[in-house]
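K.L.:
Below are the structure tokens for one structure; questions will follow.
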Amino acid sequence: MIQRVIGWLMLAFGLLGFASELEDLLAGSGEEPIFGLTLAAIFTTGGAALLYSAARRRRRALASADPARHLRHLEPKVLQLAQERAGRISAVEASAVLGAPFEDARKLLETLTSQGACQIVVTEEGAVVYRFPELEPGARKRDLLEGGERSSE
């Protein structure tokens, strides 16, 4: 909590410093703009780094406190990624793109497999790929055609 407060304060001071230096530059009264701009950049960057670090620490704490909740949080992102990748992704891809630990990505994909959302496919090279048939290109058109055929019988 304190890290977030200090981060916000540093960010605010940095932005105020930038505004002040820019105002002085525009008015033509700035004597040492490099020093002021550098100091503002340091405060802004430091504040942003503290906020990022606090958010990251909070996400990790939530993930370790309730792993199932953390995985549920990643599920929509994994499905979006699968849709972007023509219905096929690996745990490594999911981990890399989402910034989640590999084990979390793998567990989530295995959970989705057990729920019937995807299927495991092993490539010729031996890589494990998760196939989401409903997210493959043309899947909606195929479903509509199949549904239309069934209803006409």
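Bear in mind that the values in this text are calculations on the coordinates, not laboratory data. Predicted model, so just to flag it, every value in this text is computed and none were measured. Positions of Cβ are generated from backbone atoms using ideal geometry, with glycine treated the same way; all protein chains shown enter the neighbour counts.
K.L.:
About its Cα centre, what dipole magnitude does region 2-65 give when the only charges are +1 on Lys and Arg Cβ and -1 on Asp and Glu Cβ, stated in debye to the nearest 20? Let's see the in-between values first.
P.N.:
Details: 6 positive and 5 negative charges, 198 e Å.
Charge dipole of region 2-65: 960 debye, to the nearest 20.
K.L.:
How much length is gained on full extension from Glu23 to Val97, taking 0.36 nm per residue of separation minus their Cα-Cα distance?
P.N.:
On the way: separation 74, 0.36 × 74 = 26.64 nm, distance 4.07 nm.
22.6 nm is the gain from fully extending Glu23 to Val97.
K.L.:
Using amide H atoms built in the peptide plane, which far-off residues or other-chain residues are under 5 Å from Ser90 H to H?
P.N.:
Under 5 Å from the amide H of Ser90 lie the amide H atoms of Tyr130, each far enough along the sequence or on another chain.
K.L.:
If you find the alpha carbon centre of region 95-120 and of region 5-50, how far apart are they in angstrom?
P.N.:
Spelled out, the Cα-based centre of one part sits 43 Å from the other.
K.L.:
Rounded to the nearest 20 Debye, what is the dipole magnitude of region 67-139 about its Cα centre when Lys and Arg each give +1 and Asp and Glu each give -1 at the C-beta?
P.N.:
Once rounded to the nearest 20, the dipole reads 260 debye.
K.L.:
Also, quick follow-up: Taking R0 as 35 Å, what's the FRET efficiency between Trp8 and Phe35 from their Cβ-Cβ distance, rounded to 0.05? Walk me through the numbers before you get to the answer.
P.N.:
Values: r = 24 Å, r/R0 = 0.69.
After rounding, the FRET efficiency stands at 0.90.
K.L.:
What is the sum of charges around Asp24, taking Lys and Arg as +1, Asp and Glu as -1, for the other residues whose C-beta is under 10 Å from the C-beta of Asp24?
P.N.:
Residues near Asp24 contribute -4 overall.
K.L.:
Moving on to the next point. Report the full-extension gain for the segment Glu75 to Gln115: residue separation times 0.36 nm, less the Cα-Cα distance, to one decimal in nm.
P.N.:
13.2 nm is the gain from fully extending Glu75 to Gln115.
K.L.:
If amide H atoms are built 1.01 Å from N in the plane of the peptide, which residues on other chains or at least 5 residues away come under 5 Å of the amide H of Ala117?
P.N.:
Sorted by chain and number, the residues that satisfy this come to none at all.
K.L.:
For region 67-139, treating each Cα as an identical point scatterer without solvent, what Debye log10 I(q)/I(0) comes out at q = 0.12, 0.18, 0.28 1/Å?
P.N.:
Result of the Debye calculation: -0.27, -0.62, -1.44.
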